[in-house]
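The values are calculated or read from the model by the stated rules, or taken from the named source; none is laboratory data. Since the model is a prediction, treat every value here as computed from it, not as a measurement. Cβ placement follows ideal geometry from the backbone for every residue including glycine, while neighbour counts extend to all protein chains displayed.
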Amino acid sequence: MSGRPGGGAMFPIRIRGLRHAPNGRELLSGVDLELGDEGITVLLGPNGAGKTLLLRALCGLLVPSSGTLDWGGGARPERGVMMVFQNPMMLRASVLANAVLGLKPLNLSRHDCSSRGMAVLERIGLAHRAQDSARQLSGGEQQRLALARAWLTSPRLLLLDEPTASLDPSATAEVERIVREIRTDGTRILMVTHNLGQATRLADDIVFMSGGRVHEHTPARRFFSRPQSDEARRFIQGELPWRMSF
Amino acid sequence: MAHELLKRIRVAVLGVVLAAAAQAATAAESIVLASTTSTEQSGLFGHILPIFEKTSGISVKVVALGTGQALDVGRRGDADALLVHDRAAEDKFVAEGYGSYRRDVMYNDFVVVGPTADPAAVKASSDTSDAFRRIAGKGATFISRADKSGTHAAELRFWKAAAIEPVGQSWYKEAGTGMGPTLNMAAGVDAYTLSDRGTWANFKNRQNLAILYAGDSKLFNPYGAILVNPERHPHVKKAAAERFIDWLTSDAGREAIASYRIGGEQLFFPSPR
Amino acid sequence: MFASTLTDAIRLLAALDHRVAEIVGLSLQVSGGAVVLGTLIGLPLGACIAVGRFRGKAGVSVLINALMGLPSVVVGVVVYLFLSRSGPFGAFGLLYTPLAMVVAQTLLVVPLMAAIARQVVEDAWQRYAEELQVMRFTWWQSVTTLLHDCRHSLLVAVLAGLGRAMSEVGAVMIVGGNIDRATRVMTTAIALETSKGDLPLAIALGIVLIVLILALNAVAFGLRHWAMRRYG
């Protein structure tokens with residue numbers, strides 16, 4: 001999509017010593033990570049590794065106990081970071097109205113909104129259902145709509161939290177196609193998934209987290225053939241046999 | 001969609017407000033008359049006001065309250081004229097400058113109402129004071145309006161004349177309400193009470209109640225009309241209100257009052273000139 | 001006694017004259033106007049309290065909930081004092097007009113509608129807050145979005161307001177004056193007929209009132225049902 005806001009000063013994002021310990025329970029214990037300005041980075045790791053918390057810290061929903069987040073040498077930009085949640089909300093309104101929801105803060109004309117909305121619905125294959133109720137869509141369709149909603153705001157960085165967690169293979173494939181298209185459009189993507197097959201299909205690089213820490217950050221191909229850390233090796237071996245089956 | 005909805009609501013509000021404003025404005029000329037529940041509930045206004053409106057083109061909006069409340073409303077300037085029945089309070093109202101003048105309009109009388117079984121033998125009373133003494137002596141339940149109305153003021157005068165202090169007695173119940181509700185209460189518990197004849201005549205839920213004592217000249221109940229002082233409240237519709245008061249005391253008005261009857265019984269008598 | 005009163009009431013209903021229709025019409029106008037104003041004020045107010053983050057929020061919620069039980073007579077007296085010729089708004093001459101009744105009933109229904117709206121919107125806000133925050137919604141944009149999204153549930157608030165307005169007698173009696181053919185509505189007419197001891201007529205009017213509220217509720221319920229199926 002066009003009209004990207006924020007300029008180019010957002011990358012690289014440097015995360016240094018990010019700690020989050022509400023009420024003394026340490027959930028993030030010193031995350032260090034650097035993200036360049038393109039590609040799809042997949043966050044892998046067992047449950048409780050702190051992957052979702054990291055996404056939440058990046059989009060400003062979580063204020064860490066300590067550590068720094070540096071966005072290309074400055075503070076986090078006002079716009080340009082968007083997140084799609086695991087169970088995205090759907091307003092009691094039409095598919096189109098849900099698609100253009102993210103444009104509301106931009107105060108565009110109604111006509112402008114709906115023509116942009118129709119364009120994005122076209123790209124995710126839901127244009128024919130624009131006037132239907134969003135809550136009547138299937139899970140996969142709702143997830144696609146949530147992606148479209150984020151896409152329409154032309155984010156520089158898009159955070160995805162297990163976007164295909166409860167979807168069947170064909171719906172998953174559809175979501176992956178859209179994620180690739182968003183990336184081709186120039187959006188930096190950071191996504192959490194437990195689906196290793198999906199990680200191999202989408203990831204340019206992999207960040208492996210465990211116990212609130214980043215254990216390694218390597219190109220995807222190398223991660224799966226020669227993981228650096230013991231934790232990652234055991235994680236892949238424990239998961240690979242059944243996850244690779246589809 | 002939200003805008004659409006808001007727009008529709010805005011139009012609806014405007015409509016309601018305009019309709020209300022229009023309703024307030026359409027009645028070409030109208031005055032507010034603060035009067036008593038006894039006159040309203042007797043049905044008198046339903047009989048005489050249409051006659052006045054037809055001859056004058058002025059519509060009279062009656063707010064029915066106790067006499068005390070009606071005088072308060074006049075004092076605040078919320079009515080143009082008053083038709084009430086508490087002579088002492090009315091004279092004070094005019095003397096204090098709240099009213100321009102007071103005119104005698106009509107009278108009816110009070111009646112002592114009670115259960116037909118009449119445990120206090122009020123029927124055999126020699127005069128009003130005797131009737132009230134009998135009720136107190138027997139300790140029979142008596143329901144007082146206790147609402148600063150003209151009837152309430154009259155009732156307190158009668159107790160005083162009978163040298164009885166009823167307030168605080170177990171048989172004396174202070175209702176704090178209009179004539180009709182007081183009669184409803186008396187009917188519900190077979191109690192005595194004092195009523196004006198008009199309300200009683202028009203009252204339908206009598207159950208065991210009946211008039212037990214009436215006719216003493218002390219039970220005479222005069223009504224006076226007062227023009228709210230336009231010098232104090234400049235918005236008072238002086239001309240229209242005066243026209244109404246003049247009509248009430250004219251031959252035509254007196255005839256209208258005298259011709260109101262329930263079951264053949266005349267309820268209000270024009271005051272002698 | 002009771003049975004005969006009831007049969008009389010039903011007989012009277014069959015012969016409803018245009019006077020009764022006038023009274024019913026004014027009731028609908030006054031209470032309808034109050035509910036429309038209450039909707040415009042109360043629902044956004046409730047939503048603002050639900051979405052807003054400010055000191056004393058709990059106190060405000062408790063206050064609004066408590067005001068739901070505000071006696072209509074108290075509202076009536078307060079509005080009377082304001083609209084009286086001797087009061088601050090006396091110059092408008094609104095006392096004893098339908099507009100005064102609309103004002104009083106609006107004050108009566110706003111806390112009720114705001115309290116229900118606060119509860120409804122707060123539940124939705126908990127579900128949506130983070131995503132709207134990520135989309136950089138302003139506080140007011142969140143309020144309007146939530147109000148629109150909760151519109152079917154908020155119908156309950158509107159109905160509650162309508163019920164309260166149509167059934168209250170204390171406020172309209174004081175500020176309207178129960179003037180025949182000008183400010184007499186169903187509840188004040190019922191009070192008057194009861195005063196006159198004409199219980200059958202009072203009950204007949206009461207039946208009309210209940211049937212009316214019932215019909216409005218049925219229509220609203222049907223609408224809501226339809227909309228829920230449409231939008232989930």
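B:Lys160 falls short on exactly one of the conditions (1) among the basic types (Lys, Arg); (2) at pLDDT below 95; (3) surrounded by fewer than 17 Cβ atoms within 10 Å (Cβ to Cβ), and that condition is (2). Consider C:Tyr80 carefully, then state whether it is facing chain B (nearest Cβ under 9 Å), of a type in the set (Phe, Trp, Tyr) and assigned to a helix (DSSP H, G or I). Yes; evaluated as a whole, the condition is true for this residue. Based on what the data block shows, is C:Ala124 more than 12 Å from every other protein chain (Cβ to nearest Cβ) and either charged (D, E, K, R) or in contact with a helix residue (DSSP H, G or I) (Cβ under 7 Å, 6 or more places away or on another chain) (or both)? No; evaluated as a whole, the condition is false for this residue.
Residues of region B:204-243 that are basic (Lys, Arg), closer than 30 Å to B:Pro119 by Cβ and within 14 Å of chain C (Cβ to nearest Cβ): B:Lys204, B:Arg206. Inspect all residues belonging to region B:251-259 and state whether any of them is surrounded by fewer than 21 Cβ atoms within 10 Å (Cβ to Cβ), in contact (Cβ under 8 Å) with a residue 24 or more places away in the chain and in a strand (DSSP E or B). Within region B:251-259, none of the residues are surrounded by fewer than 21 Cβ atoms within 10 Å (Cβ to Cβ), in contact (Cβ under 8 Å) with a residue 24 or more places away in the chain and in a strand (DSSP E or B).
Condition first: modelled with pLDDT under 95, closer than 18 Å to C:Leu94 by Cβ and more than 9 Å from every other protein chain (Cβ to nearest Cβ). Can you find one or more residues in region B:8-17 that meet it? Yes; the residues of region B:8-17 include at least one that is modelled with pLDDT under 95, closer than 18 Å to C:Leu94 by Cβ and more than 9 Å from every other protein chain (Cβ to nearest Cβ).
Within region A:145-182, the set of residues being assigned to a helix (DSSP H, G or I) and within 14 Å of another protein chain (Cβ to nearest Cβ) comprises A:Leu145, A:Ala146, A:Leu147, A:Ala148, A:Arg149, A:Ala150, A:Trp151, A:Leu152. In this entry, A:Leu158 passes the filter for residues that are out of contact with any Pro (no Cβ under 9 Å at 6 or more places or on another chain) and within 21 Å of A:Phe11 (Cβ to Cβ).
Here is a yes/no grid of residues against (1) buried (at least 24 other Cβ atoms within 10 Å of the Cβ); (2) within 11 Å of chain B (Cβ to nearest Cβ); (3) within 13 Å of the chain's Cα centre (by Cα):
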{"site": "C:Gln141", "(1), (2), (3)": "no, yes, no"}
{"site": "C:Leu159", "(1), (2), (3)": "no, no, yes"}
{"site": "C:Gly170", "(1), (2), (3)": "no, no, no"}
{"site": "C:Gly176", "(1), (2), (3)": "yes, yes, no"}
{"site": "C:Arg181", "(1), (2), (3)": "no, yes, no"}
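For region B:75-88, residues that are at the interface with another protein chain (Cβ under 10 Å from one of its Cβ atoms) and either of a type in the set (A, V, I, L, M, F, W, C) or touching a residue at least 40 places away in the same chain (Cβ under 8 Å) (or both) total 3.
If the condition is being within 13 Å of chain C (Cβ to nearest Cβ) and either assigned to a helix (DSSP H, G or I) or under 14 Å from B:His152 (Cβ atoms) (or both), then region B:64-74 contributes B:Leu65, B:Gly66, B:Gln69, B:Ala70, B:Asp72, B:Val73, B:Gly74. Considering only residues that are in a helix (DSSP H, G or I) and of a type in the set (Phe, Trp, Tyr), look in region B:146-203 and name the one that is nearest to the chain's Cα centre (by Cα). Restricting to residues being in a helix (DSSP H, G or I) and of a type in the set (Phe, Trp, Tyr), the top hit is B:Trp200.
Going by the structure shown, is C:Val74 hydrophobic (A, V, I, L, M, F, W, C), assigned to a helix (DSSP H, G or I) and closer than 24 Å to C:Glu122 by Cβ? So C:Val74 does not fit the description; no. Right, B:Tyr192: crowded, with 23+ Cβ neighbours inside 10 Å and more than 22 Å from B:Gly66 (Cβ to Cβ) or not? No. Among the residues making up region A:129-144, those that are outside any helix (DSSP H, G or I) and either under 9 Å from A:Leu96 (Cβ atoms) or without any contact (Cβ under 8 Å) to a residue 40 or more places away in the chain (or both) are A:Ala130, A:Gln131, A:Asp132, A:Ser138. Among the residues of region A:60-84, which ones are at the interface with another protein chain (Cβ under 8 Å from one of its Cβ atoms) and surrounded by fewer than 20 Cβ atoms within 10 Å (Cβ to Cβ)? Selection gives A:Gly60, A:Leu61, A:Glu78, A:Arg79.
Residues that are surrounded by 15 or more Cβ atoms within 10 Å (Cβ to Cβ) and either touching a Gly at 6+ places or on another chain (Cβ under 9 Å) or within 16 Å of A:Glu141 (Cα to Cα) (or both) within region A:174-187 comprise A:Glu174, A:Val175, A:Glu176, A:Ile178, A:Val179, A:Arg183, listed in sequence order.
When you scan region A:50-60, do you find a residue that is within 30 Å of A:Glu122 (Cβ to Cβ), assigned to a loop (DSSP other than H, G, I, E, B) and within 14 Å of the chain's Cα centre (by Cα), even just one? So far as region A:50-60 goes, yes, one or more of its residues are within 30 Å of A:Glu122 (Cβ to Cβ), assigned to a loop (DSSP other than H, G, I, E, B) and within 14 Å of the chain's Cα centre (by Cα). The one condition from (1) more than 24 Å from B:Pro119 (Cβ to Cβ); (2) touching a residue at least 12 places away in the same chain (Cβ under 8 Å); (3) part of a helix (DSSP H, G or I) that B:Asp246 does not meet is (2).
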